[in-house]
Structures are given as structure tokens and as C-alpha cells.
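See structure below.
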Amino acid sequence: MARANAAYYAHHDPFADFTTAPEISQVFGEIIGLWAAVTWELLGRPRPVLFAEAGPGRGTLMADALRATGQTAPAFRAALSVHFIETSPRLAAAQAARVPEGNWHDRLETLPAEPILLVANEFLDALPIRQFVRRADEWTERYVEDGRFVELPSPCGRGQGGGGRGAFCPAAPSPRPPPARGVGDSCPAAARRSPEVFELRDSALTLAESLGARLAAQPGAALFLDYGPTESTAGDSLQAIRDGRPADPLAELGRADLTAHVNFAAFAAAARAAGAVVHGPIPQGNFLTRLGLFQRTDHLARNRHPAKALALIDAANRLVEPNRMGRLFKALVLCHPTCPTPPGFES
Ligand code: SAH
């Protein structure tokens with residue numbers, strides 16, 4: 001999956017296949033810019049400060065955030081330098097057209113060692129996953145070869161289910177109740193149980209460790225908005241989207257967007273172990289509503305043509321309604337240990 005997604009982002013316009021919150025409403029990026037400005041105040045206004053974005057897509061979020069901070073938080077706007085973490089040259093060019101002042105990096109480690117406010121929307125879900133399959137006590141790892149899944153024996157091996165990250169094995173799963181047995185069914189439940197799939201996103205855990213260590217050492221915060229359940233359980237969440245519709249993840253590798261649910265608990269645990277404080281995950285709908293999504297949208301809608309005003313309000317609703325993007329998408333923040341709770345995460 002790693003190669004398939006690198007090829008996809010390098011050669012395609014992903015926004016032909018799916019849309020994201022900054023592309024739905026300009027208020028999303030504006031709110032995140034103001035979130036960064038207020039968090040910078042809470043951190044004691046460190047200068048200089050990096051305003052960084054991981055996986056910036058078309059650069060829309062950053063362009064909206066910079067415009068909003070220029071208008072309402074000029075001290076933050078004057079203190080910051082913009083940094084992007086992006087691996088796709090095609091998307092980096094789109095970002096440069098929107099935000100010419102940016103500095104580009106292909107990984108976190110090359111950013112200057114200075115106080116940082118990092119934001120990332122739908123970045124973690126685009127990082128590759130590994131899938132491990134367990135049948136009884138046998139572990140295999142699932143790979144893609146010649147357009148189909150193949151399974152090879154996994155180093156997790158027998159009885160090492162709790163091998164932890166060092167061995168790149170999924171944490172020991174809690175056994176699920178066996179499926180209900182039918183009348184007259186004499187098969188042992190274990191033999192009939194379908195295989196369980198565990199997903200591991202090494203690169204996200206490495207990022208959490210690096211960011212956690214960085215935030216433990218100097219002032220800063222990193223906000224992630226992404227989709228996944230609050231508590232991850234076993235299961236296959238890999239999905240492919242092409243032209244806005246579900247597609248076969250194996251067909252035409254590199255031509256569909258491949259994503260999988262973010263395991264927020266694992267990400268948070270890795271960042272905490274490295275020394276950061278973590279708040280969330282909380283539903284995106286709560287986060288954006290607390291930060292004034294509707295007040296700002298109403299302000300923008302005022303004096304607009306009714307059709308335009310309705311479109312702005314529907315866009316805001318799409319981001320927060322529980323059955324649209326408001327509940328499955330979550331906000332999570334990693335912080336320097338002395339940072340007061342950042343805006344939106346107060347209980
Ligand atoms: N944040 C944007 C785009 C989300 S799509 C938005 O909300 O619209 C995912 C983004 O992450 C793309 O910009 C893609 O090129 C980038 N990306 C994917 N894998 C990456 C990696 N390993 N390192 C850096 N950027 C990556």
C-alpha cells in the first residue's frame with residue numbers, strides 16, 4: 001500500500017476522487033488559523049514560531065488560515081514562518097501557487113528545531129498501513145502482489161501476539177466471543193471463526209514519537225483532524241475511493257485513493273510515551289462548533305445571495321452533523337507539557 005499511495009499522490013489530483021473539509025468550507029481553515037493563534041498565546045507567544053502543515057493538499061487550509069490570522073491575530077502572523085510537509089511534487093506546486101511563502105520538507109525531522117504549531121487534516125489516514133491476519137494462533141502479514149492479496153508468515157509468530165511495536169506486531173488482541181452456534185452445529189467455534197485483521201501504521205507511530213519528543217523539549221502543539229473511531233478494534237478498514245465512489249483497493253493500484261481508519265489510541269499512546277500531553281480525540285463536530293464555525297458562517301452568509309448563503313450554511317452543517325463528517329472525524333492535539341488545554345478541547 002505504501003507504493004500505491006505514493007504513486008497515487010504523485011500522479012493524480014486526489015480532489016477529483018474525494019473532497020476534504022478545507023475544500024468544503026473556507027471557515028474550516030480560518031478556524032484552524034485562529035486556533036493556532038490562540039494556542040500560541042497560551043504557550044507564551046514564543047518567537048520565532050513555525051506554523052507547519054503536514055499533507056497540505058492544495059494549500060487551501062493554510063491560505064485560509066493565514067488570511068484569517070492576518071486580519072485578527074497580527075502578532076502571530078508577524079512571528080510565524082510557514083512550513084509544509086509534503087511528498088508529492090505535484091501537490092507541492094499547487095501549494096506554492098496558493099502560499100508562495102512556504103518552505104517545503106518531506107519529513108518532520110528537517111524542520112528547524114524551534115517552537116511549532118503543526119496542523120494536519122486527513123494526513124494520517126493517507127499514510128500506509130500494514131495488515132496482519134490471525135487465524136487461531138497463526139499470524140500472517142497481508143501484502144499486495146500482482147494485483148491480489150497474498151499472505152506470508154509474520155514475524156509475530158505463534159504466541160507472540162503482544163510483541164509490541166519493536167517487532168512490528170499488533171498489540172495482543174482481546175479475544176472476541178465466538179460466533180453463536182446454530183442448532184446441530186458440532187464444529188468447534190475456533191475452527192469456524194473467520195480470520196481477524198489487525199492494522200498497524202508504523203509511519204504514524206514514528207511521527208507520534210518524533211513529535212512527542214519535540215513537543216516535550218520545546219513549546220508547541222500539533223492538531224490532527226482525521227477519521228476513525230475513538231477506540232479502535234480489530235478489523236479491516238482499508239478502503240479505496242475513485243471518482244467519489246468506493247473502488248476495489250486491488251484494482252489499478254496507484255489510481256484510487258487508499259485510506260484506512262486512524263487508530264487514535266495508538267497514536268496518542270506513542271506521543272505520550274515520548275513526553276507530550278494529549279487531549280482528545282473529540283468529535284470534529286464538537287470541536288468546530290465550540291470554535292465558532294456557525295458564528296463565522298452566519299457572518300459570511302449575511303448580505304449574500306440567498307443561494308450562496310444556503311450553500312455556506314449547508315457546507316458548515318456537512319462538517320458537523322453526526323451522520324455526515326461531524327462524528328467519525330475527530331480532533332486530537334499533542335502539546336508541550338506546560339501548555340494549558342488548547343481551545344476546543346476544554347471538557
Ligand atoms: N490536508 C489536505 C489534503 C489531504 S490528502 C486537505 O485536507 O485537503 C493527503 C495529503 O498528504 C496530500 O497532500 C498528500 O500528498 C500528502 N501525503 C501523503 N503521504 C504523505 C507522506 N508520507 N508524507 C508527506 N505527505 C504525504
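The values are calculated or read from the model by the stated rules, or taken from the named source; none is laboratory data. These figures come from a predicted structure and were not determined experimentally. No Cβ is skipped: glycine too gets one built from the backbone with ideal geometry, and neighbour counts run over all protein chains shown. Surface areas here come from the heavy atoms of the whole protein model, side chains and all, with no ligands, DNA or RNA. Shrake-Rupley method; radii C 1.70, N 1.55, O 1.52, S 1.80 Å.
Do you know which of the residues in region 295-325 that are touching a residue at least 24 places away in the same chain (Cβ under 8 Å) and farther than 22 Å from ASP226 by Cβ is surrounded by the fewest Cβ atoms within 10 Å (Cβ to Cβ)?
The qualifying residue surrounded by the fewest Cβ atoms within 10 Å (Cβ to Cβ) is LEU300.
Looking at region 138-257, what strands (runs of 3 or more DSSP E) fall wholly within it and have at least 3 residues that are exposed (fewer than 12 other Cβ atoms within 10 Å of the Cβ) and at pLDDT 75 or above?
Hits in region 138-257: 148-153.
Regarding region 7-19, can at least one residue be identified that is surrounded by fewer than 21 Cβ atoms within 10 Å (Cβ to Cβ), within 21 Å of VAL320 (Cβ to Cβ), under 17 Å from the mean Cα position of the chain (by Cα) and within 11 Å of the ligand (Cβ to nearest atom)?
Checking region 7-19: at least one residue is surrounded by fewer than 21 Cβ atoms within 10 Å (Cβ to Cβ), within 21 Å of VAL320 (Cβ to Cβ), under 17 Å from the mean Cα position of the chain (by Cα) and within 11 Å of the ligand (Cβ to nearest atom).
So if I check each of THR110, THR87, which one is touching a residue at least 24 places away in the same chain (Cβ under 8 Å) and hydroxyl-bearing (Ser, Thr, Tyr)?
Selected residue: THR87, the only one of THR110, THR87 that is touching a residue at least 24 places away in the same chain (Cβ under 8 Å) and hydroxyl-bearing (Ser, Thr, Tyr).
Of the residues in region 62-82, how many are buried (at least 19 other Cβ atoms within 10 Å of the Cβ) and of a type in the set (D, E, K, R)?
The total comes to 1.
Do the conditions hold for PHE287, that is, is it open to solvent by less than 70 Å² (accessible area, probe 1.4 Å) and in contact with a Phe, Trp or Tyr (Cβ under 6 Å, 6 or more places away or on another chain)?
The answer is no for PHE287.
Going by the structure shown, is LEU328 in contact (Cβ under 8 Å) with a residue 24 or more places away in the chain and buried (at least 18 other Cβ atoms within 10 Å of the Cβ)?
So LEU328 does not fit the description; no.
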